[in-house]
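The values are calculated or read from the model by the stated rules, or taken from the named source; none is laboratory data. Please read these numbers as outputs of a predicted model, since none were measured by experiment. Positions of Cβ are generated from backbone atoms using ideal geometry, with glycine treated the same way; all protein chains shown enter the neighbour counts.
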Amino acid sequence: MITLRSPAKINLRLSVLGTRPDGYHEVEMLMQMIGLYDEITVSLGGEGIHVSCDSASVPSGERNIAWKAAHEMLQASRRKAGITIAIKKNIPVAAGLGGGSGNAAAVLTAVNKLLGVNFDKQRLAEIGTRLGMDVPFYFYGPTAFARGRGEILTSLAPVPRFWVLLANPGLEVSTAWVYKNLNLRLTKKVDCTKIARLTVRNIAEGLHNDLEAVTASAHPVISRIKEVLLSQNALGALMSGSGPTVFGIFETESACRTAAANLGDEGWRLFPAAALTESPFAEHLREERAPSV
């Protein structure tokens, strides 16, 4: 049995460059793991794949991305095994924080180790592309530059330590809907690598997300949250992914938690979290070697 903490992610920069012949969008993203976690426990035994979750918002059975991850690992490794997955959710669902993608990556990592398959992170990331475009990031983080559909990853040196206050208004947003309603003529080309390895203030000043205007047009609370976070001395504020979660950047934990205390009456779900400097999956991937199957 292996229990992993599956972290959320934020997009410090997200640029949509255009549409692709395969129907996906060409993107460039600067992605960062943060210390808000789901807990994933994976064990072997019995027959079939079984998933349980303490949140009613998460689909069960074959519709769950964690189930799909276990299935893909069995197919790729040509192994037969019963797999049981238990998920404890803390990351909001359909919130732009990559919760499901992180869960899938955790399952791939755990099954890889439990079965002794020894796929390296490149192989696991390749399998992850069949599950979702944010899944590969979890094998290259905590800080990475993503291109293509999001599956071409370059690991970056960890960013300077900072804190984020996540504010989630309790909505669920469909990523597919956001991309469908994106006007590419209004997107802005930015260099997503520009703010890597710089100061926290430069990171905050360089925040960018082409998807924010789409989600905010349907949900004005996005703009309201940004204004309030900035009024609480956040160095910068941005919607993550397709939303609706908005994060504010703070240099210190105390400033972040003070802002959270001040916003307690707004009715939003608030999560103070640190930017991670190491992936929680790293210790389970360090000893991997080229697959022999």
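Can you pull out the residues in region 26-41 that are surrounded by 21 or more Cβ atoms within 10 Å (Cβ to Cβ) and either on the phi > 0 side of the Ramachandran plot or not charged (D, E, K, R) (or both)?
First, pick out the residues of region 26-41 that are surrounded by 21 or more Cβ atoms within 10 Å (Cβ to Cβ): 27-34, 36-38, 40.
If the condition is that a residue be surrounded by 21 or more Cβ atoms within 10 Å (Cβ to Cβ) and either on the phi > 0 side of the Ramachandran plot or not charged (D, E, K, R) (or both), then VAL27, MET29, LEU30, MET31, GLN32, MET33, ILE34, LEU36, TYR37, ILE40 are the ones that fit.
Would region 66-79 turn up any residue that is surrounded by fewer than 20 Cβ atoms within 10 Å (Cβ to Cβ) and outside any helix (DSSP H, G or I)?
So far as region 66-79 goes, yes, one or more of its residues are surrounded by fewer than 20 Cβ atoms within 10 Å (Cβ to Cβ) and outside any helix (DSSP H, G or I).
To keep it simple, each residue is scored yes or no on (1) modelled with pLDDT of 95 or more; (2) outside any helix (DSSP H, G or I); (3) touching a strand residue (DSSP E or B) at 6+ places or on another chain (Cβ under 7 Å).
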residue	(1), (2), (3)
VAL107	yes, no, yes
VAL111	yes, no, yes
ASN118	no, yes, no
ARG123	yes, no, no
ILE127	yes, no, no
GLY132	no, yes, no
PHE137	yes, no, yes
GLY141	no, yes, yes
GLY150	no, yes, yes
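Can you find a residue in region 168-188 that is closer than 21 Å to PRO7 by Cα, modelled with pLDDT of 95 or more and not assigned by TED's automatic domain parsing to the domain that holds ASP54? Let's see the steps before the verdict.
Here is the first cut: in region 168-188, the ones closer than 21 Å to PRO7 by Cα are 168-175.
Add one more test, that the residue is modelled with pLDDT of 95 or more, and what stays is 168-169.
Pick out the ones that are also not assigned by TED's automatic domain parsing to the domain that holds ASP54 and you get 168-169.
Within region 168-188, one or more residues are closer than 21 Å to PRO7 by Cα, modelled with pLDDT of 95 or more and not assigned by TED's automatic domain parsing to the domain that holds ASP54.
How many of the residues in region 142-177 are within 15 Å of GLY248 (Cα to Cα) and exposed (fewer than 15 other Cβ atoms within 10 Å of the Cβ)? Working first, answer last.
If we filter region 142-177 for residues that are within 15 Å of GLY248 (Cα to Cα), which is where we start, we get 161-169.
Now narrow it down to the ones that are exposed (fewer than 15 other Cβ atoms within 10 Å of the Cβ): 161.
Residues in region 142-177 being within 15 Å of GLY248 (Cα to Cα) and exposed (fewer than 15 other Cβ atoms within 10 Å of the Cβ): 1 in total.
Restricting region 42-65 to residues that are buried (at least 17 other Cβ atoms within 10 Å of the Cβ) and under 21 Å from the mean Cα position of the chain (by Cα), which is nearest to ILE127 (Cα to Cα)?
ILE65
Rundown of residues vs (1) part of a strand (DSSP E or B); (2) in contact with an Asp or Glu (Cβ under 8 Å, 6 or more places away or on another chain); (3) under 13 Å from GLY148 (Cβ atoms), yes/no style:
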| site | (1), (2), (3) |
| --- | --- |
| SER15 | yes, yes, yes |
| PRO21 | no, no, yes |
| GLU28 | yes, no, yes |
| ILE34 | yes, no, no |
| ILE40 | yes, no, no |
| HIS50 | yes, no, no |
| SER55 | no, no, no |
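Restricting to region 243-271, what's the tally of residues that are under 18 Å from the mean Cα position of the chain (by Cα), part of a loop (DSSP other than H, G, I, E, B) and not β-branched (Val, Ile, Thr)? Spell out how you get there, then give the answer.
The first filter runs over region 243-271 and keeps only residues under 18 Å from the mean Cα position of the chain (by Cα), leaving 243-249, 269-271.
Now drop any that are not part of a loop (DSSP other than H, G, I, E, B), which leaves 243-245.
Keeping just the survivors that are not β-branched (Val, Ile, Thr) gives 243-244.
Number satisfying all stated conditions: 2.
Given the residues PRO280, PRO272, which is the only one that is farther than 26 Å from GLU172 by Cα and surrounded by 16 or more Cβ atoms within 10 Å (Cβ to Cβ)? Step through it out loud before you land on a result.
Numbers: PRO272 fails: farther than 26 Å from GLU172 by Cα.
Going through PRO280, PRO272 in turn, the sole match is PRO280.
Hey, any hits in region 83-97 for a residue that's surrounded by fewer than 17 Cβ atoms within 10 Å (Cβ to Cβ) and either closer than 21 Å to SER155 by Cα or at pLDDT below 95 (or both)?
yes
Here's the yes/no breakdown for (1) surrounded by 19 or more Cβ atoms within 10 Å (Cβ to Cβ); (2) of a type in the set (A, V, I, L, M, F, W, C); (3) under 11 Å from the mean Cα position of the chain (by Cα):
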position: GLY99; (1), (2), (3): yes, no, yes
position: GLY128; (1), (2), (3): yes, no, no
position: PRO136; (1), (2), (3): yes, no, yes
position: PHE139; (1), (2), (3): yes, yes, no
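Of the conditions (1) more than 16 Å from the chain's Cα centre (by Cα); (2) on the phi < 0 side of the Ramachandran plot; (3) surrounded by fewer than 23 Cβ atoms within 10 Å (Cβ to Cβ), GLY116 fails just one. Which one is it?
That leaves (2) as the condition not met.
Which of (1) hydrophobic (A, V, I, L, M, F, W, C); (2) at pLDDT 95 or above; (3) closer than 20 Å to ALA282 by Cα does ALA76 not meet, given it meets every other one?
(3)
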